[in-house]
1. Can you tell me, using C-alpha contacts under 8 Å and at least 6 residues apart, the relative contact order of the stretch 47-153 as a whole percent?
2. Give the long-range amide H neighbours of ARG32: residues separated by 5 or more places, or on another chain, with amide H under 5 Å away, using H modelled in the peptide plane at 1.01 Å from N.
3. ARG126 versus ARG77, label points 7 Å from Cα toward the beta carbon: distance in nm?
Amino acid sequence: MKTSIRTGVGVALLGLASVAIAQSAGGSQCPRLPASSGLTWEYKAAGDTEFCRALRADGSEAFGLYVAAKSAFKPGRANRAEEASIDGRPTFWYRSEIGSRPDLEARETLVPLGNGRVAYLWIQARSKDELGQSIANANDLRFGANGAQLSSK
């Protein structure tokens, strides 16, 4: 019995360590995720663009973002959906459609950063509940002085 408890605790601690490593691996480039979100970052860089995907425990994407000098996304007033404040910056989430996946609830937005760069965020949710949870987590992001790193809340 004691062995199985110790093994269980060891496995739990190993799991927590892997979450911390995944968070810290993209931690200096990606915004800090809300502590209660259960999400981890996947980070990739391509030239001057930084890509961050917030992943659930099952590996599915909750939302993603990239930070770059400019974005191809041009918000359209007719597609405004939810009002938001990301890092104290007022914005809107805009409805989007994924042609090959009409069953998804898709949103996207832009957040201008103080360093002349912009953060483009997207969500592709399987349900309204998942959309609401992803929006709430994305709205809790805080961008730091370098435009990618979040300051602590």
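None of the figures in this text is laboratory data; all of them are computed from the coordinates on show. The structure displayed is predicted, hence computed values, not measured ones. Every residue, glycine as well, gets a Cβ built from its backbone with ideal geometry; the counts of neighbours run over all protein chains shown.
1. 23
2. Correct list: ARG142, LEU150.
3. Calculated label separation equals 3.8 nm.
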